[in-house]
Amino acid sequence: MPQINIFDTTLRDGEQSPGVNLNQLEKLEIAKQLERFGVDVMEAGFPASSQGDFEGVRNIARTIKNSSVTGLARATKSDIDIAWDALKDAAEPRLHIFLATSPIHMTYKLKKTPEEVLQTAVNMVSYAREKFPQVEWSAEDASRSDKEFLVKIIEKVIDAGATVINLPDTVGYTTPEEYGALFRYVKENVRNIDKVLLSAHCHDDLGMAVANSIAAIENGATQVEGTINGIGERAGNAALEEIAVALNIRHDKYPYTTNLVLNEIKRTSDLVSKLSGMVVPGNKAVVGRNAFAHESGIHQDGVLKNASTYEIITPELVGVNSNNLVLGKHSGRHAFKEKVEHLGYHLSDEKILEAFKAFKLLTDSKKEVTDEDLFTILTDIQTDM
Ligand code: KIV
Ligand code: ZN
């Protein structure tokens, strides 16, 4: 079964989220957790961007042994040299060079002709390969680039020694159908494309980053890039935990494997959220507070009879200990009794009914009844002879 390489960029693209600024210790803590999560590659930062980033990448490169550590570089000799200094002690150092290929970026940002861009990419990849055993080259804004130009530049960059080709949807503009077609086109037209990893890197500006990443996999991507909790520039990057769980749960449709340890998901998500200060929305897929919470009576009753009625992902799969029956005005007696027992009370049917009535009365004034509220009700009823 084909394996998909997982490239995590929480510490680079994720750290580019407005307001996020991790210190060295925090970066190291996240890197160690990413290693436990089983990512194949972690992008630890952008060494030439600041002294702090340089040191962060170097610390991580010297500590992490079971994931390949990479750093970002512009297509310049000085960025590549600085990145090498930061990464040379890594167990498996690799470099990630990017250069834009879309007409918009080449004209307005780089002010270079396509021929000049092609030559720079080739020169810098071949310079990087003098040091790095693995070099990823990203065609920034690939999804808005001319396909024929992409084919031409990718062939040359592979000839120059690139071992991974990345086609980012830098501005989150593409759709699953278009992005899938781009990968198919590159697969079918680029000479030697099967000798390198082909990578997807999606942003979530239109809310399609995960769907786009999966479309790329279905059309030949062998590596997927993203961040924990989907943090990142603007609307963020593809959420790796969502991709991982989608591949696992819909294995019938997506017959691929990864090296990820899925029951580390919740721990990884909690750590990134705590250290980055980026709160995970309650309704976020896979890791949100409510992802395994059932509020309506019908759903609660179904889940208690058989969890598969309303749960396609078991909480245990992603490292959440038990499901979370939130008691509110729609909750039924079955869920109520289960919760009461969970809290350690063993009451007669009569007392349960009495407690249930008190609970329902409370739900008229409170949307969510907490464990503390229940303790008050149950203690009153238990002691009321
Ligand atoms: O989104 C993007 O294009 C990037 C590149 C640096 C790969 O993050
Ligand atoms: Zn990006």
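Compared with the direct C-alpha span, the chain from Glu178 to Ala307 gains 42.8 nm at full extension, assuming 0.36 nm per residue. Summing Lys, Arg as +1 and Asp, Glu as -1, what charge do residues with Cβ under 10 Å from the Cβ of Lys366 carry, Lys366 excluded? Net local charge, Lys366 excluded: -1. The length gained by stretching the chain between Lys112 and Asn283 to full extension, at 0.36 nm per residue less their Cα-Cα distance, is 57.1 nm. The phi-based Karplus calculation (6.51 cos²θ - 1.76 cosθ + 1.60; θ = phi - 60°) puts the 3J(HN,Hα) values of segment 334-345 at 4, 5, 4, 4, 4, 5, 4, 5, 4, 7, x, 9 Hz, whole numbers, x for Gly and Pro.
Note on the chain: Cα convex hull, mean projected area over all directions, 21.2 nm².
With R₀ set to 41 Å, the beta-carbon distance separating Asp252 from Thr376 gives a calculated FRET efficiency near 0.30. Here r is the Cβ-Cβ distance between Gln24 and Arg129 and R0 is 30 Å; the resulting FRET efficiency, rounded to 0.05, is 0.50.
Using the Karplus relation 6.51 cos²θ - 1.76 cosθ + 1.60 with θ = phi - 60°, the per-residue 3J(HN,Hα) values for segment 305-312 come to 6, 7, 4, 5, 4, 10, 10, 8 Hz, with x marking Gly and Pro. For Ser138, the residues 5 or more places off, or on other chains, whose built amide H falls under 5 Å of its own are Ile97, Phe98, Leu99, Asn166. Taking a cut-off of 19 Å between Cα atoms, list the lysines near Lys152, but don't count ones fewer than 8 places away on the same chain. By straight Cα distance, Lys152 reaches Lys112, Lys187, Lys195. The lysines whose alpha-carbon is closer than 23 Å to the alpha-carbon of Lys32, local same-chain residues fewer than 8 away aside, are Lys65, Lys88, Lys266, Lys274.
With viscosity 1.567 mPa s and temperature 4 °C, the Kirkwood radius over alpha carbon pairs of segment 62-171 converts through Stokes-Einstein to a diffusion coefficient of 92 µm²/s.
Note that segment 100-108 has calculated 3J(HN,Hα) couplings of 6, 10, 7, x, 4, 5, 5, 6, 8 Hz, one per residue in order, obtained from phi through the Karplus relation 6.51 cos²θ - 1.76 cosθ + 1.60 (θ = phi - 60°); glycine and proline are x. Using a cutoff of 8 angstrom between alpha carbon atoms and counting only pairs six or more residues apart, the relative contact order for the chain works out to 14 percent. DSSP finds beta bridges in the chain, and of those with both partners inside it, around 5 percent are antiparallel. Our summary of shape: the Cα atoms of segment 261-383 have principal axis extents of 46, 31, 24 Å, ordered from largest down, in whole angstrom.
Among the GluC sites (Glu not before Pro) within segment 114-191, those in coil by DSSP and having at most 15 neighbouring Cβ atoms inside 10 Å are Glu130. Expressed to the nearest 5 percent, the antiparallel share of DSSP beta bridges inside segment 133-287 is 5 percent.
We did not get these values from a lab; they are worked out from the coordinates using the rules stated. If you're wondering where the values come from, they're calculated on a predicted model, not measured in any experiment. Glycine gets a Cβ as well: all are built from the backbone with ideal geometry, and neighbour counts include every protein chain shown.
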